[in-house]
């Protein structure tokens, strides 16, 4: 076989390979559904061992469409203060966003202005945390009474 025929065969194989590539890439998507129960969340290290010593008695309560986190905050030279925050998840462009719907400290609700500040402060950190821990394109997230479930797509979407 001469060099010209070999070159034509190589070119033909290359063209077939390029034509097949989009099909192969499309076939590499994978859909995964992940669920965590309320018990699994409450027994996790971060809940049982909060990063700050001033936070104790953390409890995560899953409710339909929202998550309620309660804890006790104790600053130096103060009495313990019960705190609570209600977070509502949403999915946009494959990302999970958590919004603080309400918050209380010692039974007193946070003002609308304070909630706006809290949400502005945490929006990027929540998104980056979630993306780092749960890569992929999230298509759905559901919170029920006893579990949180999300569906992710890996690969081309």
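The values are calculated or read from the model by the stated rules, or taken from the named source; none is laboratory data. Remember, it's a predicted structure, so these values are computed and weren't measured experimentally. Note that we place each Cβ from the backbone using ideal geometry, even for glycine, and neighbour counts take in every protein chain shown.
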Positions within region 50-68 being more than 18 Å from residue 90 (Cβ to Cβ) and within 20 Å of the chain's Cα centre (by Cα), in sequence order: 50, 51, 58, 59, 60, 61
Pairs with Cβ under 9 Å, 6+ apart, first in region 90-111 and within 27 Å of residue 149 (Cβ to Cβ), second part of a loop (DSSP other than H, G, I, E, B): 94/136; 94/157; 96/134; 100/110; 102/110; 103/110
Entirely in region 1-90, the helices (runs of 4 or more DSSP H) that have 2 or more residues that are closer than 25 Å to residue 135 by Cβ, out of contact with any helix residue (DSSP H, G or I) (no Cβ under 7 Å at 6 or more places or on another chain) and at pLDDT below 90: 3-26, 45-48
Residue within region 118-138 that is in contact with a helix residue (DSSP H, G or I) (Cβ under 9 Å, 6 or more places away or on another chain), on the phi < 0 side of the Ramachandran plot and part of a strand (DSSP E or B) present: yes
